[in-house]
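The values are calculated or read from the model by the stated rules, or taken from the named source; none is laboratory data. A quick note: this is a predicted structure, and the numbers were derived from the prediction, not measured. Note that each Cβ is placed from the backbone with ideal geometry, even for glycine, and that neighbours are counted across all protein chains shown. These area figures cover heavy atoms from the full protein model, side chains too; ligands, DNA and RNA do not enter into them. Shrake-Rupley method; radii C 1.70, N 1.55, O 1.52, S 1.80 Å.
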Amino acid sequence: MPTISKKGQLMPESPIRKLVPFAEQAIKNGKHIFHLNIGQPDIKTPEVALRAVKENTIEVLSYSRSEGSETYRQKLAAYYEYHNINISHKDIVVTTGASEAIAFIFGSIMDVDDEVIICEPFYANYIAFATAASVKVVPIISKIDDNFALPAIEEFEKLITPKTKAIMICNPGNPTGCLYSEEEVKQLADIVKRHDLFLISDEVYREFTYDGHSHYSILELEGLDEYTIMIDSVSKRYSMCGARVGCLVSRNETIVQTVLKFAQARLSPPTYAQIASEAALDTPQSYFDAVKNKYINRRNTLITELNKIDGVKVATPNGAFYCIAELPVKDADHFAQWLLESFDVANETVMVAPASGFYSSKGIGKNQIRIAYVLNRRSLVKAVNIIKEALKVYKD
């Protein structure tokens, strides 16, 4: 019988989605599930974006340009200008979600067995895209006891080899909610320049920073135009996960032109979704202020409730809408499945994402879960109480 590829065998399951069959069965059994497993906000998509699609009079739904429509890229450039990032629309390639941007970048700057250094825990699909590109992820571990702060620069230095092509960060971070400061970003800038590496930054959560902290983009760095590549998306910013529109931005013309060849191979990003995304750029600041306040209140509620549980350790996020919690269990994967299959409180249970899937180092994060605080505060309190009651009776 024909066999599948080694690459196919190595592709990891999503720690976020692999428990879906158990959740579906729980729902069939009449249980209500609080979904803390996936970063799907319950925030309403801006009406201006939805209206742009509903009221559109397109008669032929045609291809757009491979790099994305010019009007959308021009408005994006103006948006970045507002955030102290001075670029041209020609520095932008629109992609089918940030996911495609990652795939295009890995394909454009790395060959088989080249290496990219990434702080872990990290967004699980980085491993998937690295596997697809036959690229090796070299992890550098950040720790819950340090609130997942950026590891010491000396630790990055130890990992650089002749195969290293890039350092990649997510800022603010998924799954940790960690926000890297301007000083930390500049330390990374020094190391990539010294070792002639690319610096890739996933900045899709830039709007969501808390406690007086602000986001600092790698594209604000001076003298790093040839080294920096930024990834972005409309998914979280405008609660438009289903639009599947992202982009990559770089002032390095060679990178943009190389990425464009990959973009041409898939023809174009989705036309209607670009129309919605372009319109979303007119969303007033008041929308973001309200959303940010909502996330701050949810974060505070979640952290407060988790800290009431004996044996639970949790890092306090300064950005995004995720946190990592360490539980008094040996295997969070088993615990997460058990919650769906065998436990409920008043016919309600919780779905979480086991954190081991956000690490590439074997055996790390086995007793941790990622929680997305994308539900209202009342639901978060009930969900954490379910976890608390479950831990009282759960047996490893």
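Inspect the range 366-374 for any residue being open to solvent by 10 Å² or more (accessible area, probe 1.4 Å), out of contact with any helix residue (DSSP H, G or I) (no Cβ under 6 Å at 6 or more places or on another chain) and either under 29 Å from HIS213 (Cα atoms) or not in a loop (DSSP other than H, G, I, E, B) (or both) and give the result as yes or no.
No, the range 366-374 has no match at all.
Working only within the range 13-51, note down all residues that are in contact with a strand residue (DSSP E or B) (Cβ under 8 Å, 6 or more places away or on another chain) and among the charged types (D, E, K, R).
Passing the criteria: only LYS31.
Every residue in the range 268-293 that is surrounded by fewer than 18 Cβ atoms within 10 Å (Cβ to Cβ) and farther than 23 Å from THR71 by Cβ, please.
Listed by number, the residues that qualify are SER286, ASP289, ALA290, LYS292, ASN293.
Please count how many residues of the range 126-151 are open to solvent by 20 Å² or more (accessible area, probe 1.4 Å), in a helix (DSSP H, G or I) and within 28 Å of GLY97 (Cβ to Cβ).
4
Would you mind finding the one in SER108, SER66 that is hydroxyl-bearing (Ser, Thr, Tyr), modelled with pLDDT of 95 or more and outside any loop (DSSP other than H, G, I, E, B)?
Result: SER108 is the single residue among SER108, SER66 that is hydroxyl-bearing (Ser, Thr, Tyr), modelled with pLDDT of 95 or more and outside any loop (DSSP other than H, G, I, E, B).
Give the residue, chosen from SER361, SER356, that is touching a residue at least 12 places away in the same chain (Cβ under 8 Å), assigned to a helix (DSSP H, G or I) and among the hydroxyl-bearing types (Ser, Thr, Tyr).
SER356
Tell me which residues, restricted to the range 81-96, are crowded, with 23+ Cβ neighbours inside 10 Å and either small (Gly, Ala, Ser) or in a helix (DSSP H, G or I) (or both). If you could, list the steps in order and put the result at the bottom.
Step one: list which residues in the range 81-96 are crowded, with 23+ Cβ neighbours inside 10 Å, which gives 91-95.
Scanning the range 81-96 gives a single hit, ASP91.
Any residue at all in the range 152-163 that is touching a residue at least 60 places away in the same chain (Cβ under 8 Å), farther than 30 Å from LEU36 by Cβ, surrounded by fewer than 18 Cβ atoms within 10 Å (Cβ to Cβ) and out of contact with any Phe, Trp or Tyr (no Cβ under 8 Å at 6 or more places or on another chain)?
Scanning the range 152-163 turns up no residue that is touching a residue at least 60 places away in the same chain (Cβ under 8 Å), farther than 30 Å from LEU36 by Cβ, surrounded by fewer than 18 Cβ atoms within 10 Å (Cβ to Cβ) and out of contact with any Phe, Trp or Tyr (no Cβ under 8 Å at 6 or more places or on another chain).
Among what's in the range 318-359 and is over 23 Å from PRO121 (Cα atoms) and of a type in the set (Val, Ile, Thr), pick the residue that is least open to solvent (accessible area, probe 1.4 Å).
THR349
Has the range 207-220 got at least one residue that is surrounded by fewer than 22 Cβ atoms within 10 Å (Cβ to Cβ) and within 22 Å of ALA276 (Cβ to Cβ)?
So far as the range 207-220 goes, yes, one or more of its residues are surrounded by fewer than 22 Cβ atoms within 10 Å (Cβ to Cβ) and within 22 Å of ALA276 (Cβ to Cβ).
Going through PRO12, PRO2 one at a time, which residue ends up being within 30 Å of PHE208 (Cα to Cα) and of a type outside the set (Ser, Thr, Tyr)?
After ruling out the rest, the residue left standing is PRO12.
For residues that are farther than 24 Å from LYS165 by Cα and among the basic types (Lys, Arg), tally how many sit in the range 179-220.
1
If I ask for residues that are assigned to a loop (DSSP other than H, G, I, E, B) and surrounded by fewer than 24 Cβ atoms within 10 Å (Cβ to Cβ), which ones from the range 237-259 would you list?
ARG237, SER239, MET240, ARG244, ARG251, ASN252
Is the range 209-231 home to any residue that is over 21 Å from ARG51 (Cβ atoms), polar (S, T, N, Q) and assigned to a loop (DSSP other than H, G, I, E, B)?
Yes, the range 209-231 contains a residue that is over 21 Å from ARG51 (Cβ atoms), polar (S, T, N, Q) and assigned to a loop (DSSP other than H, G, I, E, B).
For residues that are more than 24 Å from LEU302 (Cα to Cα) and crowded, with 16+ Cβ neighbours inside 10 Å, tally how many sit in the range 27-49.
Result for the range 27-49: 3.
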